[in-house]
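Enquirer: Got a structure here, written out as structure tokens. Questions coming.
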Ligand SMILES: *Cc1c(COP(=O)(O)O)cnc(C)c1O
């Protein structure tokens with residue numbers, strides 16, 4: 001018996017009269033908004049004069065805006081259908097969207113009208129904004145990149161849909177207790193989500209477990225059936241993604257897992273009602289929680305379920321729409337569809353698309369492979385070997401038996417191609433095989449993604465070059481033209497226009513507001529760096545933003561930051577390769593200078609560090625503790641007083657970054673060279689007038705190329721030097737010959753920062769002193785401290801600093817995701833721009 005792929009059929013099929021779809025356009029004027037907000041508030045939400053919660057007006061406003069978004073979403077869909085346009089799908093296990101309200105207002109062009117309406121209603125827009133919880137459906141840069149991409153694609157009017165998972169619990173909330181990270185569940189949906197719309201009629205059935213059966217039809221054709229599986233339903237929720245004032249609204253479709261109807265029948269008939277309900281829970285578990293590991297995989301079965309669940313639901317959705325329009329004719333499918341895989345996380349899409357085309361739609365292997373290998377494109381995000389996903393063949397076979405067969409067939413055909421090219425080179429065959437042999441054989445997901453894709457890209461020039469020379473060298477030799485670079489960006493709509501309204505207004509006053517959609521226009525600001533009156537106004541705006549950040553630090557860290565001081569900021573995931581440790585060593589060095597009266601040329605400095613550590617990452621958590629303990633010592637000391645502050649900001653997230661980036665002077669981008677694929681935090685700071693202190697790593701290199709060496713504080717070993725240093729690395733010798741570093745180490749080793757907890761920082765000390773330290777912390781200390789001194793001296797010349805700040809913003813035009821998306825489109829997707837009727 002063939003089971004229905006979508007059991008949602010509560011109604012008989014009906015075809016309403018055309019009048020059903022003819023709805024007058026909603027007004028964008030203040031009066032229409034005012035009416036809708038009050039109607040949602042009073043009737044839909046059932047509120048009255050006793051309501052004292054800003055939450056309800058927030059929700060009423062969100063619903064009024066969602067109506068206007070959905071109206072445009074429909075027009076956009078019609079426009080894509082009418083154009084018969086090629087479509088790209090961005091498949092990602094993470095979309096770190098943050099809040100939606102402010103962005104929706106900006107892109108719909110409703111900021112001013114809404115402010116006026118709310119003022120009339122006695123409401124404060126900032127208060128309403130603060131009622132929205134972040135959609136934290138991502139870990140860090142990779143997830144935030146996906147969110148910025150969606151904004152830029154809609155703004156460029158490209159037919160692109162995002163596909164992801166609607167996690168019930170997003171990235172954990174971080175609290176700090178006695179210097180320790182405490183993880184709390186982030187139940188972001190508790191108060192409902194007014195931006196999404198459920199589409200149960202597009203639910204899909206996803207198979208897990210079971211086994212395969214082969215049979216021949218009357219024509220002798222071999223067919224495969226995947227049977228006895230335990231199925232789960234995927235139910236889609238759509239979030240509108242508006243372009244900037246252009247009528248386009250694209251879709252982010254997120255899948256939630258639900259139990260199928262027959263799921264519990266077996267149990268129920270056996271009389272175990274409660275067990276059947278428990279089984280239902282197990283099905284829904286799949287989309288319960290985001291895995292909080294950034295740049296490391298951990299091989300858990302539930303994670304593989306999530307990955308397949310996303311790939312299968314999305315591909316079925318796309319194929320169903322294709323069949324409705326074109327029937328079972330797939331000859332133009334590759335011409336009109338393209339899939340971008342955000343890292344290897346969704347790379348089950350390669351064998352899953354094969355399976356659907358072979359088993360469900362009856363294509364031959366060659367016809368199916370021709371489609372898969374012309375529609376899949378893969379973006380790599382990391383060079384760290386511990387991040388490369390591998391799935392045990394045993395687990396894979398149990399969970400996805402049909403997919404494993406298909407992967408074996410892909411591998412057999414692929415290895416034949418390698419053997420033809422390099423006859424007799426068995427070592428190469430073993431190196432390149434999709435299956436890593438050994439005691440517990442594993443599928444190499446990155447290799448699967450490369451073999452299945454027509455494009456493989458890195459995310460900054462250096463990263464893409466290192467991929468080709470290192471990690472994927474064999475594949476680059478085989479298929480040199482597959483590999484390319486797409487340097488990351490960030491959207492200036494969120495990260496400048498919306499996060500920094502004061503600076504945005506000053507920029508627009510000077511050069512017009514074209515930069516909102518053409519960030520290169522910012523080059524026009526450069527001459528104003530020489531205008532003293534403009535520098536003064538720039539300084540005033542920055543001061544106000546620093547005050548706003550100081551308020552956040554006061555509220556969340558109970559530390560006083562003086563906006564006159566240099567604001568030195570490092571916010572990002574806590575990871576050894578990002579070297580928050582190097583930053584603390586510098587803070588301890590400054591502390592030692594103060595305590596020893598070495599105060600000549602001392603620039604008052606407030607250091608802010610924030611970020612989450614993966615819950616199982618011991619060393620990252622210990623580094624957080626070190627930061628907190630040093631902060632306690634520094635901030636409590638009257639002698640240190642106005643010269644130095646250190647704060648650890650808990651629960652770093654998108655909405656916090658919207659306050660942090662505009663209020664930071666110095667942007668810390670200090671990873672060990674060759675380890676940070678691109679970075680995007682670096683771009684947000686630069687765009688907001690922050691000056692970078694950084695290594696030649698990731699996009700830092702391109703940032704420095706754009707802004708010039710005079711406006712960037714460079715330090716540290718290059719990626720090449722890092723690799724040669726490893727072989728003869730001797731941190732003990734470095735510590736012995738550098739009195740500043742020796743003094744810092746002695747302070748930590750004396751137990752000065754952990755008087756009540758002896759030995760607390762022994763693991764950190766050991767890591768710094770180890771000749772096998774992969775991050776070469778001691779090697780870069782001297783050069784880092786020297787660069788910090790140059791930065792401090794530059795900041796003492798306040799006017800000179802403002803010049804640098806302006807020049808950084810002016811040079812940030814390249815780092816818009818508008819540019820990134822244009823490149824993806826010109827070189828990978830080839831989508832038409834589709835205008836939408838107003
Ligand atoms: C931009 C951003 C990141 C990425 O920061 P990097 O410095 O590039 O690692 C991570 N988390 C959040 C919340 C961000 O906004």
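The values are calculated or read from the model by the stated rules, or taken from the named source; none is laboratory data. Nothing here was measured: the structure is a model prediction, and the numbers come from that model. Because the Cβ atoms are built from the backbone with ideal geometry, glycine has one as well, and the counts that use them run over all protein chains shown.
Enquirer: Scan 236, 194 and give me the residue that is crowded, with 18+ Cβ neighbours inside 10 Å, touching a residue at least 60 places away in the same chain (Cβ under 8 Å) and in a loop (DSSP other than H, G, I, E, B).
Expert: One residue alone meets the criteria, 194.
Enquirer: Looking at (1) more than 20 Å from residue 668 (Cα to Cα); (2) away from the ligand (no atom under 16 Å from the Cβ); (3) touching a helix residue (DSSP H, G or I) at 6+ places or on another chain (Cβ under 6 Å), can you tell me which one residue 546 breaks?
Expert: Of the numbered conditions (1) more than 20 Å from residue 668 (Cα to Cα); (2) away from the ligand (no atom under 16 Å from the Cβ); (3) touching a helix residue (DSSP H, G or I) at 6+ places or on another chain (Cβ under 6 Å), the odd one out for residue 546 is (1).
Enquirer: Separate question: Please determine whether any residue of the stretch 267-287 is farther than 24 Å from residue 394 by Cβ, modelled with pLDDT of 95 or more and assigned to a strand (DSSP E or B). Full working, then the answer.
Expert: Pass one, the stretch 267-287, residues farther than 24 Å from residue 394 by Cβ: 267-278, 280-281, 284, 287.
After this cut, where a residue has to be modelled with pLDDT of 95 or more as well, the list is 287.
Narrowing further to those that are assigned to a strand (DSSP E or B): none.
Looking for residues that are farther than 24 Å from residue 394 by Cβ, modelled with pLDDT of 95 or more and assigned to a strand (DSSP E or B), one finds none in the stretch 267-287, hence no.
Enquirer: Looking at the stretch 634-646, which of the residues that are touching a residue at least 40 places away in the same chain (Cβ under 8 Å) and not in a loop (DSSP other than H, G, I, E, B) is nearest to the ligand (Cβ to nearest atom)?
Expert: Checking each candidate, the answer is 646.
Enquirer: For the stretch 695-714, how many residues are surrounded by fewer than 20 Cβ atoms within 10 Å (Cβ to Cβ) and more than 27 Å from the chain's Cα centre (by Cα)?
Expert: Residues that pass the stated criteria total 3.
Enquirer: Check 82, 94 and return the single one that is away from the ligand (no atom under 15 Å from the Cβ) and under 30 Å from residue 378 (Cα atoms). Walk me through it before giving the result.
Expert: On the way: 94 fails: away from the ligand (no atom under 15 Å from the Cβ).
Being away from the ligand (no atom under 15 Å from the Cβ) and under 30 Å from residue 378 (Cα atoms) holds for just one of 82, 94, which is 82.
Enquirer: Under 6 Å between Cβ atoms, which residue pairs at least 6 apart in sequence (or on different chains) link something in the stretch 266-280 that is farther than 13 Å from residue 230 by Cβ with a partner that is loosely packed, with under 15 Cβ neighbours inside 10 Å and modelled with pLDDT of 60 or more?
Expert: none
Enquirer: Now a separate question. So if I check each of 220, 210, which one is at positive phi and in contact (Cβ under 8 Å) with a residue 40 or more places away in the chain? Break it down into steps so the answer makes sense when it comes.
Expert: Details: 220 fails: in contact (Cβ under 8 Å) with a residue 40 or more places away in the chain.
Exactly one of 220, 210 is at positive phi and in contact (Cβ under 8 Å) with a residue 40 or more places away in the chain, namely 210.
Enquirer: Considering only the stretch 84-101, I want to know if a residue exists there that is farther than 19 Å from residue 237 by Cα and in a helix (DSSP H, G or I).
Expert: No, the stretch 84-101 has no match at all.
Enquirer: Against the definition (more than 16 Å from the ligand (Cβ to nearest atom), crowded, with 23+ Cβ neighbours inside 10 Å and assigned to a helix (DSSP H, G or I)), how does residue 744 come out, yes or no?
Expert: yes
Enquirer: For the structure I just gave you, tell me whether residue 116 is modelled with pLDDT of 95 or more and either within 16 Å of the ligand (Cβ to nearest atom) or in contact with a strand residue (DSSP E or B) (Cβ under 6 Å, 6 or more places away or on another chain) (or both).
Expert: Answer is no for this residue.
Enquirer: So is residue 789 under 17 Å from residue 87 (Cα atoms) and either out of contact with any helix residue (DSSP H, G or I) (no Cβ under 8 Å at 6 or more places or on another chain) or at pLDDT below 95 (or both) or not?
Expert: no
Enquirer: I would also like to ask the following. May I ask you to list the residues in the stretch 647-666 that are near the ligand (Cβ under 8 Å from one of its atoms) and in a loop (DSSP other than H, G, I, E, B)?
Expert: 652, 653
Enquirer: For the stretch 427-444, name all the residues that are in contact with a helix residue (DSSP H, G or I) (Cβ under 9 Å, 6 or more places away or on another chain) and in a helix (DSSP H, G or I).
Expert: 428, 429, 431, 432
Enquirer: Further, regarding this structure: Go through the stretch 81-112 and give me each residue that's out of contact with any helix residue (DSSP H, G or I) (no Cβ under 8 Å at 6 or more places or on another chain) and surrounded by 20 or more Cβ atoms within 10 Å (Cβ to Cβ).
Expert: Hits for the stretch 81-112: nothing passes.
Enquirer: I would also like to ask the following. I need the helices (runs of 4 or more DSSP H) fully contained in the stretch 678-737, keeping only those with at least 1 residues that are within 12 Å of the ligand (Cβ to nearest atom).
Expert: Working: elements: 681-687, 700-707, 719-726, 731-737.
Output list reads 681-687, 700-707.
Enquirer: Here's another thing I want to ask about it. Report, by residue number, each residue of the stretch 667-677 that is farther than 16 Å from residue 583 by Cα and either out of contact with any strand residue (DSSP E or B) (no Cβ under 8 Å at 6 or more places or on another chain) or away from the ligand (no atom under 11 Å from the Cβ) (or both).
Expert: Answer for the stretch 667-677, where residues must be farther than 16 Å from residue 583 by Cα and either out of contact with any strand residue (DSSP E or B) (no Cβ under 8 Å at 6 or more places or on another chain) or away from the ligand (no atom under 11 Å from the Cβ) (or both): 674, 675.
Enquirer: Condition test on residue 377, is it more than 30 Å from residue 463 (Cβ to Cβ), touching a helix residue (DSSP H, G or I) at 6+ places or on another chain (Cβ under 7 Å) and at pLDDT 95 or above?
Expert: no
Enquirer: Filter the stretch 23-43 down to residues that are loosely packed, with under 13 Cβ neighbours inside 10 Å and more than 22 Å from residue 111 (Cα to Cα), then give me how many there are.
Expert: Looking only at that region, the number is 3.
Enquirer: Right, something else. Among the residues of the stretch 170-191 satisfying the criterion of being out of contact with any helix residue (DSSP H, G or I) (no Cβ under 8 Å at 6 or more places or on another chain) and crowded, with 19+ Cβ neighbours inside 10 Å, which is nearest to residue 756 (Cα to Cα)?
Expert: Restricting to residues being out of contact with any helix residue (DSSP H, G or I) (no Cβ under 8 Å at 6 or more places or on another chain) and crowded, with 19+ Cβ neighbours inside 10 Å, the top hit is 174.
Enquirer: Does residue 319 qualify as being closer than 30 Å to residue 371 by Cα, free of Cβ contacts under 8 Å to residues at least 40 places away in the same chain and over 21 Å from the mean Cα position of the chain (by Cα)?
Expert: Judged against the criteria, residue 319 is not a match.
Enquirer: Then there is this: From the list 48, 67, exactly one residue is in a helix (DSSP H, G or I) and over 29 Å from residue 345 (Cα atoms). Which is it?
Expert: The unique qualifying residue is 67.
Enquirer: Moving on to the next point. Looking only at the stretch 208-233, count every residue that is in contact with a helix residue (DSSP H, G or I) (Cβ under 8 Å, 6 or more places away or on another chain), part of a strand (DSSP E or B) and more than 19 Å from residue 288 (Cβ to Cβ) and tell me the total.
Expert: 6
Enquirer: From the list 632, 637, 601, which residue is surrounded by fewer than 23 Cβ atoms within 10 Å (Cβ to Cβ) and at pLDDT below 95?
Expert: Residue meeting the stated conditions: 601.
Enquirer: With respect to residue 616, is the statement that it is at pLDDT below 95 and away from the ligand (no atom under 16 Å from the Cβ) true?
Expert: For residue 616, the condition - at pLDDT below 95 and away from the ligand (no atom under 16 Å from the Cβ) - is not met.
Enquirer: Quick check: anything in the stretch 543-551 under 22 Å from residue 183 (Cβ atoms), in a helix (DSSP H, G or I) and modelled with pLDDT of 95 or more?
Expert: no
Enquirer: Still on this structure, I have one more. Take the residues in the stretch 127-139 that are surrounded by fewer than 24 Cβ atoms within 10 Å (Cβ to Cβ) and within 18 Å of residue 184 (Cβ to Cβ); name whichever of them is farthest from the ligand (Cβ to nearest atom). Break it down into steps so the answer makes sense when it comes.
Expert: Our first condition is that a residue be surrounded by fewer than 24 Cβ atoms within 10 Å (Cβ to Cβ); within the stretch 127-139, this holds for 127-134, 139.
Filter once more, keeping what is within 18 Å of residue 184 (Cβ to Cβ): 133-134, 139.
Working: 133: 14, 134: 8, 139: 8 Å.
Taking the candidates together, the pick is 133.
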